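Asks: Sharing a structure, written as C-alpha cells. Questions coming.
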Amino acid sequence: MQQYISQLNEAQREPVLQKDGPMIIIAGAGSGKTRVLTIRIAYLMHQGIDAFNILSLTFTNKAAREMKNRISDIVGSSEAKNLWMGTFHSIFARILRSEADKLGYPSNFTIYDSQDSLRAISGIIKEMQLDRDVYKPKQILSRISTFKNSLITVKAYFNDPDLQEADAMSKKPRMGEIYQNYVDRCFKSGAMDFDDLLLKTNELLTRFPEVLAKYQNRFRYILVDEYQDTNHSQYLIVRALSDKFQNICVVGDDAQSIYAFRGANINNILNFQKDYQGVKTFRLEQNYRSSRNIVEAANTIIDKNKTKLDKVVWTANEFGPKIKVHRSLTDAEEGRFVASTIFEQKMQNQMTNGQFAILYRTNAQSRAMEDALRKRDIPYRIYGGLSFYQRKEIKDVLCYLRLVINPKDEEALMRVINYPARGIGDTTVEKLTVAANHYKRSIFEVMQNIDRIDLKLNSGTKQKLNDFVTMIQSFQVINENQDAFYITDHVSKKTGLVQELKKDATPEGMAKIQNIEELLNGIKDFTEGQREIDGARGSLAEFMEDVALATDLDKDTSDEDRVALMTIHLAKGLEFPHVFVVGMEEDLFPSAMSMSTRSELEEERRLFYVALTRAEHQAYLTYAQSRYRWGKLTDSEPSRFIEEIDGQFLEYLTPAESNYRFKPMIDKDVFGDVDKSKLRLAKPLSTTPPKYITDNQPKPEAQIRKLKPVSANAPSGAANLFDNKLTAGNIVMHERFGRGQVINLEGVGADKKAEIKFEVGGIKKLLLRFAKLDII
Ligand code: ATP
Ligand code: MG
C-alpha cells in the first residue's frame, strides 16, 4: 500500500490520508482526481474499512470496472469484489430491485431505454388524439425528464400553476395529462425509465426512514467522481445517504461541468462547503496528463469564463509540440486531413490506432471522418450514436427476453406480439389495450384470461393469443434453470426470429443474422465470465440488467486497436496521446443553439476545455470553410475558441487569413506543397476488406489475428472460435479480462480450455470455443 501512496504527490496524498469527514477535491483536468479517488478507496480498505461499507459513484460503468481492477491489484480481488461501484443508475437500480415492493413495483421491473419511452409517449399522444406536430414526442419526453430530475412528480406538477402556465403558453396545455398517463403506463408495465431510477430512489429514501437508515449505515464512506455533473436528483440521494456519517468525498472540476442541458447543476460543487459542516477542501494543481503547451493553452481558454472557481493548473511535463490548427475547404477535405495525419503519424512514429481520438460536437459530424478513415484503411470505432442493443433485430430479441422476465412489460409486448407475423392484427391489439385499461391489468394478463373475457374475437385469434402466452410461459420455465445464453439461443429460434431473418438474402439481411450471432457471443462471454468470477449461473436477469444500464462507453468491449471517434461529452475523464478536435466552426462549436446567453456560451467553452485537455501530447484543431449541414452546403467561419487561445501555443498548418473564401486556393495539408493526387496514387491499392466497424455495419469477418473456427459443430453464434495455433506462453488479449499469458491448455476440440494468467484478475480457465481471444 505504501508503495502506491508514495507514488502520489504531496497534494494528492493529503486527501488519501484524510480518512473521515466531508471533503471536496477541486482540481483541473488531468491532475489525478480519479487516481486519488482510487487510491483512497484502497487505503480505506487497507485501514480495515469493509468493502461492503464503501460506495463509489462514477461517470461510466467502464470507469468503475477500471477502478475496481486497480483496487484489486492493491488489496486483492476477493476484497475488492464487494465494493459497490458504478454509475448512479446502476447502483440505484440494484437498490431499487431489492426494495421494489415498497414502491409497489415488482423486483423484476424492466428498465426502459429512451426508445421504449418514446414509443410509450407516441402511443399516449395517439390515444389522446393530440397533434404530433405540436406534441412532439421527443420534446415531451425531454420535458418529462426535466420534471423527474427536478423531482417534480405528477402531483407536484398539478400543484404548480407556473409550470402549467408555461406549458399552456407553449401550446401544450395537456402536458400534465400526458405526464400522468406516461407514469401510469410505466407503472402498469412494471417499468422504470432512466430518470425513474433516481426519482424512485429519492422517493424510497424520503418515504421510508428505515430504508434510509439501512443504507446510511451500510454506506459509511461515499465517494463521487465527476461531481460537477450531478443533477439535483443525484445530489439529493448523495446528501441523504451521507447525512449520518458525513464521510463523503467528492471530486470534480467546475471547469468541466458540461451537462447543464441534462439538468446537471454546477452549484452542487460550488455549494458543497455550505452543505456539510467542517468540509476539508483540497486542491490539486499539477497536471500529469498533458504537455505544458496543452495545459497552458487550456488555461487561457478557461480564463475567459467569468463563472469559475480560481484554480491553478501547471505541469512539469515537457513543453511538447504546439497545437496544430488546420483549415480545409470542405468537411470531406477535413476528414482527409485527419486520416492522412493519422496515417503519417503511425508510419513515422510507430503509433497505434488506439492512440488517436477524434472528438466532435455532434454525432452527425462522424460521417465525413468515417469516409476518410475507411479510404485509408484505418480501423476506427464510433462510441455513442445508435447502440448495438438498439438495432432493430437485436432489440426484437431483447424484447422477447424482457417478456420472459417481466410479461407485463407493455412496450416489449407491443413490439413482438406480431413479429414475426403470427396473425395478431392491429384491431386485436387495440381490443386488448382497451380491455387492459378497463380492467387496470397488463395486456399479458388480459391475454392469459382471453377465454373468459368477451372481446368479440374469433376462435382462431383466441388460439393465436393463447399460443403466444404459452410460448412465453414455456420460456419462463426454461429460464428458471438455464443460463442467459441457453435461453437466448432458444428464444431466437423458437420465436421464428432467426427464420424470419433468413428469408432476407440481401447483405443487410445477412448482417442482421450476424448481429444476432454477435449478441449470442456476447452473452456466452457474459455467462462464462459470471461463472468464472462469481461461480454464478449468469442468469438472463443479470444479463438484461447489464444491457439496460450499459452506457455508451461501456460497449467498448473490444480490444482491437482502433481510432476512437466520439462526442466531446462522452470523452470526459478519458485521455489519448493525440486528439483531433474537428469542426471548430462558429455555429457548430460553439453550437448555434448555445450562444444566446453567457452561461450557455460558457458551457460550450468548458466543453472545449474538456476536449483539449484529453490530449497528452498533440492536439489538432481543424475546421472547414464549408460543410454539409442538414443536407445543405453551408459556409462557415472558424470558431471563436481558436482565437481565444494565446497564439504562442498554436501552429497554423494553413494560413489563417479569413478572406480566403474569395480567392482560388491551393489547399495545403500535412503534405505541404506536394501534389497530393500523386501521393494517393502511390499508396498500393488494397484488396482486403476495410477493417472498420460502425454501429450500423457488421464486423468484417477476417480480423488479422482473429482466431479461426476449428470445430464444425460449434453452436451457432460462436464466431470467434479457436484454432490450434494457441500454445502455452502466448500473450493474449481478452475482451473482458485484458492482457494475459497462456499457462496451460487442456481438453480437445470443442472442450478445449486455456488456463490464462491475466495481468488483472489472476488466473482463469476459459473455454476456447467461446473465449474471444487475440494472440498479441
Ligand atoms: P479529468 O479531470 O480529466 O477526469 P483527473 O483529474 O481525474 O482528470 P486522472 O485521470 O486521475 O486525472 O490522471 C490523469 C493522468 O495522470 C493519468 O494518466 C494518471 O495516471 C496520471 N497521474 C496522476 N497522478 C499522477 C502522479 N502522482 N504521478 C504520475 N502520474 C500521475
Ligand atoms: Mg477523472
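Derivation of every value follows stated rules applied to the coordinates shown; laboratory data play no part. Not measured: the values here are computed from a predicted model. As a convention, Cβ positions derive from the backbone with ideal geometry for all residues, glycine included, and neighbour counts pool all protein chains shown.
Asks: Please state, to two decimals, what the Cα-based radius of gyration of region 435-587 comes to when divided by 2.2 N^0.38 Å (N = residues).
Replies: Region 435-587 yields a ratio of 1.49.
Asks: Radius of gyration and Dmax for region 342-447's Cα atoms, expressed in Å?
Replies: That works out to 22.9, 71 Å for Rg and Dmax.
Asks: Only bridges whose two residues both fall in the chain count here: according to DSSP, what percent of them are antiparallel, nearest 5?
Replies: 35
Asks: Let me know the Kirkwood hydrodynamic radius for region 461-510, please, with Cα pairs as the basis and the value in Å to one decimal.
Replies: It is 12.3 Å.
Asks: Per residue, what volume in Å³ does the convex hull of the Cα atoms of the chain enclose?
Replies: Looking at the chain, the number lands at 185 Å³ per residue.
Asks: Ratio of region 293-361's C-alpha Rg to 2.2 N^0.38 Å, to two decimals?
Replies: Against the compact-globule rule of thumb, the ratio is 1.44.
Asks: For region 257-404, list log₁₀ I(q)/I(0) at each q in 0.09, 0.14, 0.20 Å⁻¹, using the Debye formula over Cα point scatterers of equal strength and ignoring solvent, two decimals each.
Replies: -0.53, -1.04, -1.29
Asks: Which ordering of Trp314, Trp630, Trp84 is given by a fewest-first count of other beta-carbon atoms within 10 Å?
Replies: Least crowded to most crowded, the residues run Trp630, Trp314, Trp84.
Asks: With the alpha-carbon atoms as the only input, what is the per residue convex hull volume for region 1-132 in Å³?
Replies: 178
Asks: Would you work out the relative contact order for region 36-105, in percent, from Cα pairs under 8 angstrom that are 6 or more residues apart?
Replies: It rounds to 34 percent for region 36-105.
Asks: Sorting Leu55, Leu653 on the 10 Å Cβ count, fewest up front, what's the list?
Replies: Leu653, Leu55
Asks: I've got another one for you. Ranking Thr470, Thr654, Thr527, Thr315 by Cβ neighbours within 10 Å, fewest first, what do you get?
Replies: Placing the least packed residue first, the sequence is Thr470, Thr654, Thr315, Thr527.
Asks: Write down the Å³ per residue value for the convex hull defined by the alpha carbon atoms of region 393-437.
Replies: 64
Asks: May I ask you to derive the FRET efficiency for Ile743 and Lys493 from their Cβ-Cβ distance with R0 = 41 Å, giving the value to the nearest 0.05?
Replies: Computed FRET efficiency for Ile743 and Lys493: 0.65.
Asks: What relative contact order, as a whole-number percentage, does region 140-213 give when Cα pairs under 8 Å and 6 or more residues apart are counted?
Replies: In percent, rounded to a whole number, it is 28.
Asks: OK, next. Would you mind getting the Kirkwood hydrodynamic radius of region 70-126 from its Cα pairs, rounded to one decimal in Å?
Replies: Over region 70-126, the inverse of the mean reciprocal pair distance is 14.3 Å.
Asks: Can you give the extra length, in nm with one decimal, that the chain gains between Ser142 and Val279 once fully stretched, where that is 0.36 nm per residue apart less the Cα-Cα distance?
Replies: 45.8 nm
Asks: Using the C-alpha gyration tensor of region 100-238, what are the square roots of 5 times its eigenvalues, in whole angstrom, with the largest one first?
Replies: 29, 17, 14
Asks: Taking 7 Å along the Cα-to-C-beta vector as the label spot, tell me the Ala421-Glu600 distance in nanometres, rounded to one decimal.
Replies: Computed distance between label sites Ala421 and Glu600 equals 4.8 nm.
Asks: Give, as a single signed number, the net charge of other residues whose beta carbon lies under 13 Å from the beta carbon of Gly423, with Lys and Arg counted +1 and Asp and Glu -1.
Replies: +1
Asks: If you don't mind, another one. Nearest 500 deg cm²/dmol is fine: what mean residue ellipticity at 222 nm does the chain get from its DSSP H runs of n ≥ 4 alone, each adding -39,500 (n - 2.57), divided by its residue count?
Replies: The helix contribution divided over the chain gives -13500 deg cm²/dmol.
Asks: What percent do you get for the relative contact order of region 1-85 when only Cα pairs under 8 Å and 6+ apart count?
Replies: After rounding, I find 29 percent.
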